[in-house]
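Asker: Just dropping this structure here.
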Amino acid sequence: MSTSDWIQIGVFLGIFLAAVKPLGAYMAAVYEGKFTRLDGWIYRILGVDPGEEQSWQQYSIHWLCFHVVGLLAVLGILMTQQWHPWNPQGFANLPFHMAFNIATSFVTNTNWQNYGGESTLSYFSQMAALTVQNFASASAGMAILVALARGITRRSVGVIGNFWVDLTRTTVYILLPLSLVLSLVLIQQGVIDNLDAYVKTTGGQVLPMGPAASQIAIKQLGTNGGGFFNVNSAHPFENPTPLSNLLEMIAILLIPAALCYTFGRLIQDKRQGWALLGTMLIIFVPFLLLIVWGEASNMEGKELRFGTVNSGIWAAATTAASNGSVNAMHDSFLPLGQFCTLFLMMLGEVVFGGVGSGLYGMIIFAIITVFIAGQMVGRTPEYLGKKIETFEMKMASIAILVPPLCVLVGTAIAVMHPQGVGGLLNHGPHGFSEILYAFTSMGNNNGSAFGGYSANSVLVNILGGVIMLVSRFGVAIPAIAIAGSLAGKKTTPVGLGTLPTHGPLFILLLAGTVVIVGALAFLPALALGPVVEQFRLR
Amino acid sequence: MMLNQNQLMESLRKLNPKHQAKNPVMFVVFVGSILTTVIALKDADAFSAWIALWLWFTVWFGNLAEAIAEGRGKAQADSLRKSRQSVMAKKLTEARYGSAWVHASGADLHKGDFVVVEAGDYIPMDGEVVEGAATVDESAITGESAPVIRESGGDRSSVTGGTRVLSDWLVVQITSQPGETFLDRMIGLVEGANRKKTPNEIALTILLASLTIVFLLATVTLQPFSAFAVKEAGKGAAVSVTVLVALLVCLIPTTIGALLSAIGIAGMDRMLKANVIAMSGRAVEAAGDVDILLLDKTGTITLGNRQAVAFIPASHTSEVELADVAQLSSLADETPEGRSVVVLAKEKYGLRERDLGQLGAHFVPFTAKTRMSGVDLNGREIRKGSMDSISAYLAALNRELPPEVKRAAEDIARQGGTPLLVAADGRAMGVIHLKDIVKGGIKERFGELRAAGIRTIMITGDNPLTAAAIAAESGVDEFLAEATPERKLSLIREKQAEGRLVAMTGDGTNDAPALAQADVAVAMNSGTQAAKEAGNLIDLDSNPTKLIEIVAIGKQMLITRGALTTFSIANDVAKYFAIIPAAFAATYPELNALNVMGLRTPESAILSAVIFNALIIVALIPLALKGIRYRPIGAAALLQRHILLYGVGGLIVPFIGIKAIDMILGVF
């Protein structure tokens, strides 16, 4: 790799890591309740008592209800869009299976897209259904993380906070202001934001229009990734310049990384937050370098204005975090790059992962790590002062079991069903990679598309929708349950006999567990896709 | 590792599906063995037959580990059972010695009955001595051949069924029902018959089961994946069920799955070897977690008794004179402290021991009321006692304690000694300096504990000054002076509220509440029934220092469990490299590039992985039974050491092992 490649990677890593501490501290202050001026009236309107705390069961029920209502709302809007305003192109109502897939996809922060935005959805649908869920699903993920942090700090208490307060504060004080700033900068860079009808150029080309910038900011910041246009951030109206590209790439990892610091602050042990961030980085950086190195000579499916390095960085960031936006087509990556993007998702979206969800997933992996290896210091396992016992292990086991279950079963059904293999562009191992990628993306709530696989069939829509729901809820609810169970426990003081969970050894151990436990299940499947392709290149 | 026929038979008996179903990981192997056996028979396929054979070995090796672990306890149980021989008891009609008795068999005795046990008789069941005192041979239970004294009242009143009275007689009130005696429970515990999974074991089983499900999914879905690959490639065949089963068994954590219960049994067994009976596996586990040890000063930190080291006379008298009266007052005092006064006077001033009878002296024993002892000799009243009691004694005679005596006594207390004041003829003669002798090496031991993150708290009835001095000398972290059972209990509660796990030892009835409250409670076998009921571990040697050993044994068990789990999971990486290229050899020969071990043929590769997977269980049985030694070097260093040994080792060893087995298979 050339010096300029290294510089580009360095600038990217440097800027987003520099933002970790200030943004993380700000978010911690938000969750500590230092700002109350803007959200108080919302609780009054909604009739929520912000001081009333919930048990983990109540928290889960409110969390679930919020998702069900969101799901029904999106479903309703999409299935009736032709009667709504701001539909200059006159797009028709969507059939149920398609609307279901889109609704589950956006509600679960997956943003898998079985449609092309500019050829399917009205501006109203984009704004009222999808952009709203971009905020809502991101806030809901971060709320759980905050509840988990509370569970860790509290002693022998039955409640873990109020879901509505966590949700509102996240939206009002974190996501809205950040999105507003980013949208304005993107508009300045040339991203469009209007409600006009599509424009036909003198050359006869039709240029799609729409309120893009406002959606793109939150799509990047909230690890959503659902593009306004079909080709996502490869489209010049979504991502016109190198600067917009850099900002959008940074926005992918910004909040997930900063949340590590926030978590450390909230549990009053910043070292623990840094250790979790360190674990993410020692997995992320090697894969990033592998992709950039592997794609150095491959311009197929990439935008000339970004080049291979920025396409590689984006690919690593978007699959490590469960963002899923793309600025290049992963289908055209060389096998090594395909392997890396697949593998990063298969780790369970815990290396940065989704906002909130990535970190609570990583904390669940830390619990598993402590359980496996922690006993080697001669004590029953404990993490952050809390004993890890049967209930936590049950929940953590469910959480690590659900994503592979979704991916493997989904892929298996798809390869056996004519509708599942019908949409393949390629055959042989690459065809298998296309299906595997689609279900890995949905089964880990990533949402990025490999390209090449036309996934808009009834089978893939319904199966995929179910998988996205199961995967999101199957990790989220256990995480809330763990929060509740930990809150009810005593806190063991840290001593010399306690397993240190902030040192380099634990970081390596946690990374090893994520890689081995998180990915062992997928090695046989990977062998049949990108691995075979890689060896065929020789 | 000894293997006898019983253990062999037991390991085969454990092939019962009901037994296998208790362990989810091994149950999957069990089902896989049946499946591959059926395939081998149906298709007359030699490869499937070999796989099936080794899968059966895998299941059997797991059973064997358990049978061997249990077998050690069984031998012990058999010897215990011999002492439970049905004895004829002399059941009293009235609860007093000398009343009429009738012969009754042990099975006819009930809680509340009274029996008389005379020299040569076996004590029929557990009970409380209500009358008499006798020497009892408890070697059947403790293994200690020296007889012990059992007497009514006090802390030595409990007797155990199956022990034998050597001299004198006892009237015993039966405190247990037939079949529920200490001996019965002990037999059950050492046999592992009523062994329940410990909480941590259950949690680990859940994790292992979920990993098993993940790998089950990975292998089951591999069938359609490979069928798709075959269709696309147009060659080869989908992965066979035999290969899938082989892959599954290699990937699921069979090593730890097979050894898990053996590790638990071995942990209790190690306690037994240290002459400690664990009333549950949970107690052993909790022992590893303890972060506070409550240690009784006397017997644990200091030698059992204090010794006189100096005489400090009052101003009106001399050291020799003080030594003389001190010796006189102690001649009949049989306590170790009393003896040491006599010895010191003799050694330091050449004062010979005199016979009280010849002197015509009258011994005044220590009573709870006067809290003094002494002699009345030809009209002289010599008394010795604590500062408070001597002051009170003098005050009653309208005398005062001379200031220099008071100062000397306070100085001694400040240095950690116990001042014993001597008065003669109504005048204070001076102070005897009694000193606690801290056990050799105890400071280093506490240092080790501190390095391991365990704090020690000394419990003593001494005043705070004395306690502080001994605490400083012995290196304990904290102390509780002027301890009463209530204060002990509240200390435990306070520490537990901070989230700490507390261990303590106790023997007296008044220790029972604190024992019941402590997380790890070691009752002395010599102690009362109430203490033994409240404890979750019983130390047959009645050695208070044992607590430290118990903690190490608990840690050893947890370390062994964690190390073998880590090893088991780390092993998977190599197995993938062996099996994946082999499984897809016909469809995608390119994948042979993953065959980094250079295994000869696909069949040999898969079989080698399965054989390795089975043999590693056998290879690790000794480690599981012996346990991994605990080193008090702090958690961070310990983790690093064990990660290197069992984590990194677990990554590397199977590469070597599988390659070696493949080479050996090539010879045939």
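Asker: Based on what the data block shows, is B:A413 surrounded by fewer than 24 Cβ atoms within 10 Å (Cβ to Cβ), away from chain A (no Cβ under 14 Å) and small (G, A, S)?
Answerer: Details: surrounded by fewer than 24 Cβ atoms within 10 Å (Cβ to Cβ): yes; away from chain A (no Cβ under 14 Å): yes; small (G, A, S): yes.
Spelling it out, B:A413 is indeed surrounded by fewer than 24 Cβ atoms within 10 Å (Cβ to Cβ), away from chain A (no Cβ under 14 Å) and small (G, A, S).
Asker: If you check A:I267, A:I364, which single one turns out to be surrounded by fewer than 24 Cβ atoms within 10 Å (Cβ to Cβ) and among the β-branched types (V, I, T)?
Answerer: Going through A:I267, A:I364 in turn, just one is surrounded by fewer than 24 Cβ atoms within 10 Å (Cβ to Cβ) and among the β-branched types (V, I, T): A:I267.
Asker: Starting from residues that are within 19 Å of B:L260 (Cα to Cα) and not aliphatic (A, V, I, L, M), keep the ones in region B:201-221 and report whichever is nearest to the other protein chains (Cβ to nearest Cβ).
Answerer: B:S210
Asker: Out of all the residues in region A:23-44, which are out of contact with any Ser or Thr (no Cβ under 8 Å at 6 or more places or on another chain) and of a type in the set (V, I, T)?
Answerer: Result: A:T36, single match.
Asker: If you check A:V377 against the conditions, is it in contact (Cβ under 8 Å) with a residue 60 or more places away in the chain, within 26 Å of B:I553 (Cβ to Cβ), crowded, with 24+ Cβ neighbours inside 10 Å and β-branched (V, I, T)?
Answerer: Yes: the conditions hold for A:V377.
Asker: Check whether at least one residue in region B:613-629 is polar (S, T, N, Q), modelled with pLDDT of 90 or more and either touching a Phe, Trp or Tyr at 6+ places or on another chain (Cβ under 7 Å) or within 30 Å of A:I388 (Cβ to Cβ) (or both), and report yes or no.
Answerer: yes
Asker: Give region A:476-513 a look and list any residue that's under 24 Å from the mean Cα position of the chain (by Cα) and at the interface with chain B (Cβ under 7 Å from one of its Cβ atoms), or say none.
Answerer: Keep residues of region A:476-513 that are under 24 Å from the mean Cα position of the chain (by Cα), which gives A:476-484, A:507-513.
Residue satisfying the conditions is A:L509 alone.
Asker: Further question: If the requirement is being over 27 Å from B:A624 (Cα atoms), touching an Asp or Glu at 6+ places or on another chain (Cβ under 9 Å) and modelled with pLDDT of 75 or more, which of these qualifies: B:A89, B:A77?
Answerer: Being over 27 Å from B:A624 (Cα atoms), touching an Asp or Glu at 6+ places or on another chain (Cβ under 9 Å) and modelled with pLDDT of 75 or more holds for just one of B:A89, B:A77, which is B:A89.
Asker: Quick one: which of B:E482, B:E473, B:E478 is at positive phi and more than 20 Å from the chain's Cα centre (by Cα)?
Answerer: On the way: B:E473 fails: at positive phi; B:E478 fails: at positive phi.
Only one candidate passes the filter, namely B:E482.
Asker: Okay, moving on. If I filter region A:301-316 for residues that are part of a helix (DSSP H, G or I), of a type in the set (S, T, Y) and surrounded by fewer than 24 Cβ atoms within 10 Å (Cβ to Cβ), do I get at least one hit? It would help to see each step written out before you state the result.
Answerer: First, pick out the residues of region A:301-316 that are part of a helix (DSSP H, G or I): A:307-316.
Those still in the list that are of a type in the set (S, T, Y) too: A:308, A:311.
Keeping just the survivors that are surrounded by fewer than 24 Cβ atoms within 10 Å (Cβ to Cβ) gives A:308.
For region A:301-316, residues part of a helix (DSSP H, G or I), of a type in the set (S, T, Y) and surrounded by fewer than 24 Cβ atoms within 10 Å (Cβ to Cβ): present.
Asker: Shifting gears a bit: Output the number of the condition that B:R487 fails; it satisfies all remaining conditions of (1) assigned to a helix (DSSP H, G or I); (2) within 14 Å of chain A (Cβ to nearest Cβ); (3) modelled with pLDDT under 90.
Answerer: So the condition that B:R487 fails would be (2).
Asker: Pairs please, first residue from region A:108-121 and touching a residue at least 12 places away in the same chain (Cβ under 8 Å), second anywhere and among the β-branched types (V, I, T), Cβ atoms under 8 Å, 6+ apart in sequence or on different chains.
Answerer: What qualifies is A:N109/A:T223; A:N109/A:V355; A:T110/A:T104; A:Q113/A:I102; A:N114/A:I102; A:N114/A:V460; A:Y115/A:I102.
Asker: Same structure, new question: Could you list, in sequence order, all residues of region B:625-651 that are among the aliphatic types (A, V, I, L, M), within 14 Å of chain A (Cβ to nearest Cβ) and either open to solvent by less than 40 Å² (accessible area, probe 1.4 Å) or in contact with a helix residue (DSSP H, G or I) (Cβ under 8 Å, 6 or more places away or on another chain) (or both)? Talk me through it step by step, then tell me what you get.
Answerer: We begin by selecting, within region B:625-651, every residue among the aliphatic types (A, V, I, L, M); these are B:625, B:628, B:633, B:635-639, B:643-645, B:648, B:651.
From what's left, within 14 Å of chain A (Cβ to nearest Cβ): B:628, B:633, B:635-639, B:643-645, B:648, B:651.
If the condition is that a residue be among the aliphatic types (A, V, I, L, M), within 14 Å of chain A (Cβ to nearest Cβ) and either open to solvent by less than 40 Å² (accessible area, probe 1.4 Å) or in contact with a helix residue (DSSP H, G or I) (Cβ under 8 Å, 6 or more places away or on another chain) (or both), then B:I628, B:I633, B:A635, B:A636, B:L638, B:L639, B:I643, B:L645, B:V648, B:L651 are the ones that fit.
Asker: Taking only pairs six or more apart or across chains, which ones have beta-carbon atoms under 6 Å, a first residue in region B:453-469 that is within 14 Å of chain A (Cβ to nearest Cβ), and a second residue that is of a type in the set (A, V, I, L, M, F, W, C) and surrounded by fewer than 21 Cβ atoms within 10 Å (Cβ to Cβ)?
Answerer: Matching pairs, first to second residue: B:G453/A:L496.
Asker: How many of the residues in region A:422-448 are modelled with pLDDT of 90 or more, in a helix (DSSP H, G or I) and more than 10 Å from chain B (Cβ to nearest Cβ)?
Answerer: 9
Asker: Quick one: what pairs do we get from region B:318-335, first residue closer than 19 Å to B:V364 by Cα, second of a type in the set (F, W, Y) and open to solvent by less than 50 Å² (accessible area, probe 1.4 Å), C-beta under 8 Å, 6+ apart or different chains?
Answerer: Note: pairs meeting the criteria are B:L322/B:F311; B:A323/B:F311; B:A326/B:F311.
Asker: Please determine whether any residue of region A:270-280 is open to solvent by 20 Å² or more (accessible area, probe 1.4 Å), touching a residue at least 12 places away in the same chain (Cβ under 8 Å) and polar (S, T, N, Q).
Answerer: No; the residues of region A:270-280 include none that is open to solvent by 20 Å² or more (accessible area, probe 1.4 Å), touching a residue at least 12 places away in the same chain (Cβ under 8 Å) and polar (S, T, N, Q).
Asker: Mind telling me which of the residues B:L259, B:L183, B:L208 ends up being of a type outside the set (D, E, K, R), open to solvent by less than 10 Å² (accessible area, probe 1.4 Å), closer than 30 Å to B:K626 by Cα and at pLDDT below 90?
Answerer: B:L183
Asker: Is it fair to say A:I9 is open to solvent by 30 Å² or more (accessible area, probe 1.4 Å), among the hydrophobic types (A, V, I, L, M, F, W, C), in a helix (DSSP H, G or I) and within 27 Å of A:Y261 (Cα to Cα)?
Answerer: no
Asker: While we're on this one: Taking region B:339-365 as the region of interest, how many residues are within 17 Å of B:A424 (Cβ to Cβ), of a type outside the set (G, A, S) and under 47 Å from the mean Cα position of the chain (by Cα)?
Answerer: 4
Asker: Still on this structure, I have one more. Hey, among A:L176, A:L148, which residue is farther than 22 Å from A:F16 by Cβ and not in a loop (DSSP other than H, G, I, E, B)?
Answerer: Matching residue, one of A:L176, A:L148: A:L148.
Asker: So which residues in region B:276-329 are at pLDDT 85 or above, under 16 Å from B:G506 (Cβ atoms) and out of contact with any strand residue (DSSP E or B) (no Cβ under 8 Å at 6 or more places or on another chain)?
Answerer: Matches in region B:276-329: none.
Asker: How about region B:499-517: which of its residues are open to solvent by 10 Å² or more (accessible area, probe 1.4 Å) and at pLDDT 85 or above? Give the steps one after another, and end with the answer.
Answerer: From region B:499-517, those open to solvent by 10 Å² or more (accessible area, probe 1.4 Å) are B:500-501, B:507, B:509-513, B:516-517; that's our starting set.
Listed by number, the residues that qualify are B:R500, B:L501, B:P513, B:A516, B:Q517.
Asker: Return the pairs, sorted by first residue and then second, in which the second residue is modelled with pLDDT under 95 and in a helix (DSSP H, G or I), the first residue lies in region B:211-232 and is surrounded by fewer than 22 Cβ atoms within 10 Å (Cβ to Cβ) and of a type in the set (D, E), the beta carbons are less than 9 Å apart, and the residues are 6+ apart or on different chains.
Answerer: B:E232/A:G428; B:E232/A:P429; B:E232/A:G431; B:E232/A:F432
Asker: Also, quick follow-up: Of the residues B:A238, B:A246, only one is under 30 Å from B:A586 (Cα atoms), at pLDDT 90 or above and away from chain A (no Cβ under 11 Å); which?
Answerer: B:A246
Asker: Another question about this same structure. What's the total number of residues in region B:381-397 that are β-branched (V, I, T) and farther than 16 Å from B:R407 by Cβ? Give the steps one after another, and end with the answer.
Answerer: So the first thing to find is which residues in region B:381-397 are β-branched (V, I, T), and the list is B:382, B:390.
Now drop any that are not farther than 16 Å from B:R407 by Cβ, which leaves B:382.
Residues meeting the conditions: 1.
Asker: To continue, here is another question. Just give me the residues in region B:533-581 being in a loop (DSSP other than H, G, I, E, B) and open to solvent by 20 Å² or more (accessible area, probe 1.4 Å), in sequence order.
Answerer: B:N536, B:D541, B:S542, B:N543, B:P544, B:T545
Asker: A follow-up question, please. The conditions are (1) within 30 Å of B:K273 (Cα to Cα); (2) out of contact with any strand residue (DSSP E or B) (no Cβ under 7 Å at 6 or more places or on another chain); (3) in contact (Cβ under 8 Å) with a residue 40 or more places away in the chain, and B:G154 fails exactly one of them. Which is it?
Answerer: Unmet condition: (3).
Asker: Please go through region B:548-593 and pick out each residue that is polar (S, T, N, Q) and modelled with pLDDT of 90 or more. Step through it out loud before you land on a result.
Answerer: Step one: of region B:548-593, the residues polar (S, T, N, Q) are B:556, B:560, B:565-566, B:568, B:571, B:587, B:592.
Listed by number, the residues that qualify are B:Q556, B:T560, B:T565, B:T566, B:S568, B:N571, B:N592.
The values are calculated or read from the model by the stated rules, or taken from the named source; none is laboratory data. The model shown is predicted, which means the values in this text are computed figures rather than measured ones. Reconstructed Cβ throughout: ideal geometry from the backbone, glycine too, with neighbour counts over all protein chains shown. Areas reflect the complete protein model, heavy atoms only, side chains present, ligands, DNA and RNA absent. Shrake-Rupley method; radii C 1.70, N 1.55, O 1.52, S 1.80 Å.
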